[in-house]
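What follows is a short report on a single structure.
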Amino acid sequence: MIEPKMLSIIKNGELNKDQILKDIIAGIIVAIIALPLSVALAIASGVSPEKGLITAIVAGFLISILGGSRVQIGGPTGAFVVIVYGIVEKYGIEGLTIASIMAGIILVIFALLKFGDLIKFIPYTITTGFTTGIAVVLFSTQIKDFLGLNIDKVPSEFIPKWTSYFQHINSINYYALIIGIVSLLIIIFWSKINKTIPGSLVALIVATLLVKFLKLPVETIGSRFGEISSTIPAPKFPVVDLKTFKELLNPAITIAVLAGIESLLSAVVSDEMVADKHDSNAELMAQGVANIGSALFGGIPATGAIARTAANVKNGGKTPIAGIVHAVVLLFTMLIFMPFAKLVPMTALGAILMVVSYNMSQLKVFKSLLKAPKGEVLVLLITFLFTVVFDLVIAIEIGMVISMFLFMKKMCESTKVNSLSCHEEIAHKVKLYEINGPFVFGAVEGCSSIISKLSEDTEVLILKMSKVPIMDATAFNAIKSIHCHCIENDISLMFSEVQEQPMKVMKNMGILNRLGEKRFFKNINEALKAARKVVKLEA
């Protein structure tokens with residue numbers, strides 16, 4: 001049964017006045033952090049500013065009340081910027097809404113199928129590769145606004161985008177650049193002055209006041225988007241036909257995969273911070289419902305936000321109440337202060353997202369992984385490069401395929417077939433081999449070579465399998481070939497210490513019946529004793 005963490009906390013009577021007060025304070029602080037980020041991420045995604053706040057409010061509320069984590073804070077994140085921007089460019093806002101709803105449904109299906117635990121099968125090199133790749137792409141999207149470049153339409157692809165920047169480098173707005181640098185410095189150094197109020201909010205206020213009162217010719221949210229709505233619209237259900245469904249299926253899968261991975265990674269990180277264990281399937285269910293809800297109210301895709309979740313924990317948040325309060329505070333902020341957002345300079349938002357990009361890039365981790373084995377470095381670099389140049393889903397797919405081949409190669413290389421010595425009396429007539437490791441396709445070559453090593457004097461062949469945890473059909477076929485050779489050459493085939501799974505395979509595929517249970521022994525001493533009897537009888 002999928003049970004939200006909030007419900008289990010209430011059932012267990014874990015709520016008390018002191019913790020509720022701490023959660024309320026943490027929720028207010030996280031809302032202050034989320035405010036500028038939500039606006040900036042929405043604009044970077046190619047949609048109007050209020051859509052970022054709608055996402056943080058609706059999705060943030062649903063993720064907290066329905067999620068499987070105690071402290072997860074949901075909302076728009078930098079990881080989605082590139083994906084959302086591409087969908088909006090190609091299919092428009094209506095297409096984004098449909099894709100987000102489809103992604104939400106996919107996530108709900110993932111939860112019902114109990115796919116939550118599959119996150120552990122995604123290699124660290126892949127998650128690091130695409131996270132760093134997304135950070136690089138997000139950083140690159142902010143160059144135009146940070147420098148105030150005069151470009152009507154920036155290409156969405158990475159290489160054409162930078163080509164366009166260099167072609168228009170002479171159009172730099174130095175007022176915008178100065179305001180951007182001031183904002184960047186405030187964000188970087190403000191934490192040395194005050195750790196409670198986020199530097200991004202301070203930077204927005206300072207940048208807005210400078211541009212307003214000095215009347216600087218710098219593009220603002222208002223000059224780009226006009227009037228900004230301060231209300232949440234009524235839910236709207238889009239009309240979907242079969243053609244639209246087919247076109248948006250791939251973007252929807254992209255959103256669902258990224259939302260699932262990001263949210264579960266965030267939940268894993270937060271588990272360590274609060275000494276708790278999240279319910280991965282409840283978290284996927286909440287992410288699915290949240291993305292559907294966000295889309296219906298005009299928001300954009302959402303997932304668990306690692307930085308905001310960490311801020312929640314650091315400020316005393318221990319239950320989902322903090323996330324709920326964060327959503328409510330953002331709602332009141334939107335209703336009261338949203339009209340003033342039109343004064344915010346775009347270059348300040350660019351500075352905020354540049355810092356977000358750097359923080360999510362995991363550069364230190366990326367550098368350390370470059371010292372890993374060559375195969376893993378290859379996966380890391382390919383995932384990174386394909387994320388930057390092509391597409392996130394393609395990057396993950398190729399990274400997973402290469403990782404699986406590398407894993408199989410390692411498994412096969414770890415499997416050895418060793419010749420063991422027998423008692424001198426029977427050594428020339430009894431051959432003993434030990435198979436050591438997973439006995440699967442790719443690892444059968446050593447076993448197949450046993451046939452070539454059997455001499456004309458060989459009367460008994462013993463295969464010791466105490467160190468074979470698993471066996472597949474290809475390995476069984478190798479055993480079958482050995483068995484056929486033994487029949488043709490009048491050699492008695494025996495097995496020693498066969499584990500449960502290999503024994504089940506041999507039973508299901510008939511070799512146990514053909515040989516008889518008398519040819520299978522619990523230990524090597526019993527097998528050698530039986531071999532001596534065979535040699536003596538046939539001598």
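The values are calculated or read from the model by the stated rules, or taken from the named source; none is laboratory data. Given the structure is predicted, the values throughout are model-derived calculations rather than measurements. Neighbour counts are summed over all protein chains in view; Cβ atoms, including those assigned to glycine, are modelled from backbone coordinates with ideal geometry. Surface areas here come from the heavy atoms of the whole protein model, side chains and all, with no ligands, DNA or RNA. Shrake-Rupley method; radii C 1.70, N 1.55, O 1.52, S 1.80 Å.
Take the Cβ atoms of Arg224 and Lys90, set R0 to 35 Å, and the FRET efficiency comes out at 0.95. Remark: spin-label model distance Glu456-Asn525 equals 3.7 nm, labels positioned 7 Å along the Cα→Cβ axis. The amide H of Ser492, built 1.01 Å from its N in the peptide plane, has Val460, Leu461 as neighbours under 5 Å, considering only residues 5 or more places off or on other chains. Computing percent of Cα pairs over 45 Å apart for the structure here picks out one of (i) 33; (ii) 45; (iii) 14, namely (i).
Looking only at the chain, where both bridge partners belong to it, what percent of the DSSP beta bridges are antiparallel (to the nearest 5)?
Values: 8 of 22 bridges.
In the chain, approximately 35 percent of DSSP beta bridges are antiparallel ones.
What's the carbon and sulfur percent of the chain's accessible surface, probe 1.4 angstrom, rounded to a whole number? Answer for the chain is 64 percent, counting heavy atoms of protein chains only. Once the 1.4 Å probe is applied to the protein heavy atoms, segment 3-87 comes out at 30 Å² accessible per residue. Phi angles of segment 460-471 translate, via the Karplus equation with coefficients 6.51, -1.76, 1.60 and θ = phi - 60°, into HN-Hα couplings of 9, 10, 10, 10, 8, 10, 5, 10, 10, x, 9, 8 Hz per residue; Gly and Pro are given as x. Principal-axis analysis of the Cα atoms of the chain puts helix 124-141 at an angle of about 20° to the longest axis. Averaged over its residues, segment 234-298 has an accessible area of 43 Å² per residue, based on protein heavy atoms and a 1.4 Å probe. Helix 174-189 versus the longest principal axis of the chain: what angle, 0 to 90°, nearest 10, using Cα atoms? Tilt relative to the chain: about 60 degrees.
Relative to the dominant Cα principal axis of the chain, helix 242-274 is inclined by about 80°. What does the charge count around Val154 come to, taking other residues whose C-beta lies under 11 Å from its C-beta (Lys +1, Arg +1, Asp -1, Glu -1)? Cβ neighbours under 11 Å give a net charge of -1.
Under 1.5 on a/c is rounded, so check that first for segment 1-59, then, if it is not, pick prolate when a/b is larger than b/c and oblate when it is not; a ≥ b ≥ c are the square roots of the alpha carbon gyration tensor eigenvalues. In terms of gyration-tensor shape, oblate.
Under 5 Å from the amide H of Phe521 lie the amide H atoms of Phe495, Ser496, Glu497, Val498, each residue being 5 or more positions distant or on a separate chain, with H modelled from the backbone and absent for Pro and chain starts. At a Förster radius of 60 Å, what calculated FRET efficiency corresponds to the Cβ-Cβ distance of Lys17 and Ser421, to the nearest 0.05? Calculated value: 0.20.
Work out, step by step, the length gained on full extension between Glu397 and Ala473: first 0.36 nm times the residue separation, then minus their alpha carbon distance; give nm to one decimal.
Stretched fully, the Glu397-Ala473 segment lengthens by 24.7 nm.
Mind running the shape call on segment 104-204? Use the C-alpha gyration tensor, a ≥ b ≥ c as the square roots of the eigenvalues: rounded below 1.5 for a/c, prolate if a/b tops b/c, oblate otherwise. Verdict is oblate for segment 104-204. Given segment 115-173, what whole percent of its Cα pairs are spread farther than 15 Å? Value for segment 115-173 (Cα pairs over 15 Å): 58 percent. Per residue, the convex hull spanned by the Cα atoms of segment 25-93 amounts to 88 cubic angstrom. Computed from backbone phi, the HN-Hα couplings of segment 38-55 come to 4, 5, 5, 5, 5, 5, 5, 7, x, 10, 6, x, 5, 5, x, 6, 4, 4 Hz, rounded to whole numbers (Karplus: 6.51 cos²θ - 1.76 cosθ + 1.60, θ = phi - 60°; Gly and Pro given as x). Placing a pseudo-label 7 Å from each Cα along the Cα-to-Cβ vector at Met509 and Glu272 gives an inter-label distance of 4.1 nm.
So what's the net charge close to Glu434: Lys and Arg +1, Asp and Glu -1, counting the other residues with Cβ under 10 Å from its Cβ? Display every interim value, and only then the final one.
Working: positive: Lys416, Lys464, Lys467; negative: Glu497.
Net charge around Glu434: +2.
Between Leu214 and Asp241, the contour length at 0.36 nm per residue exceeds the Cα-Cα span by 4.5 nm.
Taking 0.36 nm per residue of sequence separation and subtracting the Cα-Cα distance, how much length would be gained by fully extending the chain between Ile169 and Thr196, in nm to one decimal? The partial results should precede the final answer.
Details: separation 27, 0.36 × 27 = 9.72 nm, distance 3.78 nm.
Gain on stretching Ile169 to Thr196: 5.9 nm.
Backbone phi angles across segment 489-497, fed through the Karplus curve with coefficients 6.51, -1.76 and 1.60 (θ = phi - 60°), yield HN-Hα couplings of 10, 6, 10, 7, 9, 10, 10, 10, 6 Hz in residue order; Gly and Pro are listed as x.
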